[in-house]
1. Kindly evaluate Ser182 against the criterion of being in contact (Cβ under 8 Å) with a residue 60 or more places away in the chain and under 25 Å from Leu103 (Cβ atoms).
2. Among the residues of the stretch 370-380, is any surrounded by fewer than 14 Cβ atoms within 10 Å (Cβ to Cβ), touching a helix residue (DSSP H, G or I) at 6+ places or on another chain (Cβ under 9 Å) and not basic (Lys, Arg)?
3. Restricting to the stretch 32-41, name every residue that is surrounded by 13 or more Cβ atoms within 10 Å (Cβ to Cβ) and either hydroxyl-bearing (Ser, Thr, Tyr) or free of Cβ contacts under 8 Å to residues at least 40 places away in the same chain (or both).
4. Please find, among Thr10, Thr52, Thr45, Thr29, the residue that is closer than 30 Å to Leu212 by Cα and either surrounded by 14 or more Cβ atoms within 10 Å (Cβ to Cβ) or not aromatic (Phe, Trp, Tyr) (or both).
5. Name the pairs: first residue in the stretch 1-30 and of a type in the set (D, E, K, R), second residue assigned to a helix (DSSP H, G or I), Cβ to Cβ under 8 Å, at least 6 apart or on different chains?
6. Enumerate the pairs (first residue in the stretch 151-174 and touching a residue at least 60 places away in the same chain (Cβ under 8 Å) and farther than 24 Å from Gly270 by Cα; second residue anywhere and of a type in the set (Asp, Glu) and surrounded by fewer than 17 Cβ atoms within 10 Å (Cβ to Cβ)) with beta-carbon separation below 6 Å, excluding pairs fewer than 6 apart on the same chain, so at least 6 apart or on different chains.
7. Please go through the stretch 60-78 and pick out each residue that is under 21 Å from the mean Cα position of the chain (by Cα) and modelled with pLDDT of 95 or more.
8. Select, from Asn243, Asn250, Asn209, the only residue that is closer than 21 Å to Arg297 by Cα and either crowded, with 17+ Cβ neighbours inside 10 Å or assigned by TED's automatic domain parsing to the domain that holds Phe333 (or both).
Amino acid sequence: MKNFVFYNPTRIIFGKGTIAKIDQQISPTARVLMCYGGGSIKGNTVYDQVITALKDRKVHEFGGIETNPDYDTLMEAIVLGRDKRVDFILAVGGGSVIDGAKLVAAGIPYEGDNLWDIVTGEARVRVGEALPLGTVLTLPATSSEMNNISVISRRATKEKFGWMSDAVYPAFSVLDPTVTYSLPEEQVRNGIVDTYIHVMEQYATVPVNALLQERQAEAILLTLQDISQKVLEMPPDYGARANLMWTASNGLNNFISCGVPGDWATHGIGHELTALYGLAHAESLAVVLPHLLWHQREKKAEKLAQYAQRVWGLTGGGDELIREALDRMCDFFRLVKMPTRLTDFQIDPQEAANQVRQRFDARGSLLGEHGDITPDQVAEILLMSQ
């Protein structure tokens, strides 16, 4: 196990009826900028609960943050926040809203010339340099409510990048499973698959004798497999939704990544597919991961065999074992109605391979836990997704 520093200051407030507890988390004199998405929170009581909890505080609202939050939209929120001199950001929504709110929290006090530098990593945001942030989670998927990661799109240039800063860990996050009851099936599906793939990218790498983290990762995968059908049932089952919400938060909150290598190649490739074709985040990952793991099976053989044995209960060895495990993974994705090939979205793999290869080639990007997946190999992986 590698050396590591673990830090996660987010306070989790979990359970039915917990939105009211926001009142205890935010100063009564705070000037709050409440960020949300397309307005669905106004149709499912979440908005009313939040406004009631905020009581007599000065609250300004910014709605319209997109799935895959757009930089230009967030710049509008930053201008509003500066104009109103807000000193607390409250994100009410899923991972996209929370990711966007993190940039808003960092951007309002930012004194640099170009805010995009934060997203590209050319500028760093240190602890204390962002406004405090809280969240009310409405869509379990990304763990953004419990991590320091933000992924931002720039539709004008067809770019999408992730950035990290300990300055944007949420101070608190409210997780009420009942707010997921009004979610469309597709969004619930995306949350299941998104969480599963986040875990696989931290698990299916190389052994480093991190025994606890491996078992934690396997527990998350097995839990998702166990609850997936119950989670998708209507009317919603509170126990299933509660387990999904907490499982998703643990998928990428830095617990299972302590001292272990991660392979974020699937995310890197998926971000390009979203930027180019508008795929939802989970959709972009699902059409990459199974093919990337097969392409990289020799380097990942030990962990993929372990995945096959511990998660799927398979026996045997070699490529045949790995192939069966990856087939089981794809079957699971399809069971929750998630496509696993570019052609399922009417995207030409050859075209996608060419465009994504060119982008990585222009940046000199090398991906994977070993930093050795070349742009040409990325193209090979995408060509398998047909």
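1. No; evaluated as a whole, the condition is false for this residue.
2. yes
3. Result: Tyr36, Gly38, Ser40.
4. Exactly one residue qualifies, and that residue is Thr10.
5. Note: pairs meeting the criteria are Lys16/Pro177; Lys16/Thr178; Lys16/Tyr238; Lys21/Ala53; Asp23/Ala53; Asp23/Leu54.
6. Within 6 Å, the pairs are Ala167/Glu129.
7. So in the stretch 60-78, the residues under 21 Å from the mean Cα position of the chain (by Cα) come out as 63-74.
Of everything in the stretch 60-78, those that are under 21 Å from the mean Cα position of the chain (by Cα) and modelled with pLDDT of 95 or more turn out to be Gly63, Gly64, Ile65, Glu66, Pro69, Asp70, Tyr71, Asp72, Thr73, Leu74.
8. After applying the criteria, what remains is Asn209.
The values are calculated or read from the model by the stated rules, or taken from the named source; none is laboratory data. Small disclaimer: the values here were computed from a predicted structure and weren't measured. Using ideal geometry, Cβ is built from the backbone for each residue, glycine included, and neighbour counts are taken over all protein chains shown.
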